[in-house]
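First up is the structure itself, then whatever we jot down about it.
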Amino acid sequence: MRRLEGKNAIITGAGRGLGKAFVKAFAMEGCSIWAITRSDREEFREYITGLEEEYDITIENVIADLASEDSIKNAYKHINSQKKSIDILINNAGIAHMGLFQLTKMEFVKQLYMVNVIAPMIFSQLVMRNMSRQQSGRIVNVASTAAEEVYEGNAVYGSSKAALVAFTKSFAAETMKYGVTVNAIAPGLINTDMSKVFEGSDPKEPIRHTALGRKIEPSEIADVVINMLSDDMNIINGTVITINGGHK
Ligand SMILES: NC(=O)c1ccc[n+]([C@@H]2O[C@H](COP(=O)([O-])OP(=O)(O)OC[C@H]3O[C@@H](n4cnc5c(N)ncnc54)[C@H](OP(=O)(O)O)[C@@H]3O)[C@@H](O)[C@H]2O)c1
């Protein structure tokens, strides 16, 4: 029995890295997907067509720039017009940053906050209309262990992920009465393009502080999220699941 059989999910940042791993893992579990990407790429279209054929689900590539509120709303309008249930929202897209706050342009800070914090809030508010009507739904926000870490260079990215965590916890307090849960995951270093931003000049430095001693594979994160979405986890709400293999 596939664990997400017949469900429909919106996944942002679906074109590469962790989002792409979510798309595959969800498809394998029988979930149909609106895969949100910023651009239209032939290679990704071929990838999702392969998954559709292999796992007998549908995956639609919806294009949206999450730095634009209008673009997010248009994507939702398109999805909502299909009159399917929206069972799951994975707010995965994100922008990394590592650098001194004093030297960071406010234009960039605003863009990062738009993608890392405001876009998940807009999407959550929009899908909540569907989920409250359905009396069921799952929202998972991809935060980071950086939300709790203190180091030079983490002021912008870390604070954006801390905001996402705080949003998750308080929004979850509103949604439970509608049968909707809102949780976050806080991964450590994942083996994607983004992790290079955090490595700096010494790639071993960030993993030195983990008991795991290596980066986490995107598929390992996706496995945890699939488990979080199973029916017997519906009591888990407003929590942050740290996925880093343990601190050292
Ligand atoms: N990698 C890590 O070590 C790590 C650790 C903890 C948490 N995380 C979090 O995990 C999530 C996924 O990260 P990742 O590692 O997969 O990073 P990634 O490989 O850099 O992917 C980031 C994704 O976000 C999308 N995105 C960025 N700006 C966007 C915009 N304006 N509109 C639409 N999409 C946009 C990117 O789309 P494009 O392909 O168009 O650029 C890409 O699909 C992020 O929220 C990140 O903060 C990552």
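Given R₀ = 35 Å, what would the calculated FRET efficiency be for Leu100 paired with Leu212, taking r from the Cβ atoms and rounding to 0.05?
0.75
Got the relative contact order for the chain handy, in percent, Cα pairs under 8 Å and 6 or more residues apart?
So the answer I get is 19 percent.
Given labels modelled 7 Å from the Cα in the Cβ direction, how far is it in nm from Glu107 to Ala173?
The modelled label-to-label distance comes out at 3.9 nm.
If you plug each phi of the range 38-48 into the Karplus form 6.51 cos²θ - 1.76 cosθ + 1.60 with θ = phi - 60°, what whole-Hz ³J(HN,Hα) values come out, in order, with x for Gly and Pro?
Per-residue couplings from phi come out as 6, 10, 9, 10, 4, 4, 6, 4, 5, 4, 6 Hz.
Please report the spacing between the Cα centers of the range 164-203 and the range 102-128 in Å, no decimals.
14 Å
With unit charges on the beta carbon (Lys/Arg positive, Asp/Glu negative), name the residue among Ile190, Gly19, Met121 whose Cα is farthest towards the positive pole of the charge dipole of the range 8-243.
Toward the positive end, the furthest listed residue is Met121.
Run the simple label-point estimate for Arg45 and Met1 please: 7 Å along Cα→C-beta, distance reported in nm.
3.8 nm
Taking H placed 1.01 Å from N in the peptide plane, check which residues at least 5 places from Ile59 or on another chain put their amide H under 5 Å from its amide H.
Close amide H contacts, sequence-distant or interchain: Ile33.
Among the DSSP beta bridges whose two residues both lie in the chain, what percent are antiparallel, rounded to the nearest 5?
5 percent
Could you give the nm distance between label points at Lys204 and His78, where each point is 7 Å from its Cα heading toward the beta carbon?
4.6 nm
Taking θ = phi - 60°, what integer Hz values does the Karplus form 6.51 cos²θ - 1.76 cosθ + 1.60 yield along the range 224-240, in sequence order, with x for Gly and Pro?
Once θ is set to phi - 60°, the couplings for the range 224-240 become 5, 5, 4, 5, 4, 8, 5, 4, 7, 9, 6, 8, 7, 8, x, 10, 10 Hz.
Under the rule of at least 5 residues apart or a separate chain, name every residue whose amide H is placed under 5 Å from the amide H of Gly137.
Thr181
What order do you get for 9-20, 155-166 when each peptide is scored by the mean count of other beta carbon atoms within 10 Å, highest first?
Ranked from most to least packed, the peptides come out as 9-20, 155-166.
Of Thr145, Thr168, how do they rank once you tally other Cβ atoms within 10 Å and put the fewest first?
On the way: Thr145 21, Thr168 24.
By the 10 Å Cβ count, ascending: Thr145, Thr168.
Per 5 Å bin from zero, what fraction in whole % of the C-alpha pairs of the range 8-243 is there, up to the bin with the longest pair?
1, 7, 14, 19, 21, 18, 12, 6, 2, 0, 0
Based on Cβ point charges of +1 for Lys and Arg and -1 for Asp and Glu, what charge dipole magnitude is obtained for the range 1-137 about its Cα centre, in debye rounded to the nearest 20?
Taking the Cα centre of the range 1-137 as origin, the dipole is about 500 debye.
Using each residue's phi in the range 5-15, evaluate 6.51 cos²θ - 1.76 cosθ + 1.60 at θ = phi - 60° and report the 3J(HN,Hα) Karplus result to the nearest Hz, with x for Gly and Pro.
Once rounded to whole Hz, the list reads 3, x, 8, 10, 10, 9, 10, 8, x, 7, x.
Show me 207-213, 110-116 ranked by packing, highest mean number of other Cβ atoms within 10 Å first.
Ranking, from highest mean packing down: 110-116, 207-213.
Throughout, read-outs are computed from the coordinates displayed, never taken from laboratory work. Predicted model, so just to flag it, every value in this text is computed and none were measured. When we count neighbours, we look across all protein chains shown, and the Cβ atoms used for this are built from the backbone with ideal geometry, even at glycine.
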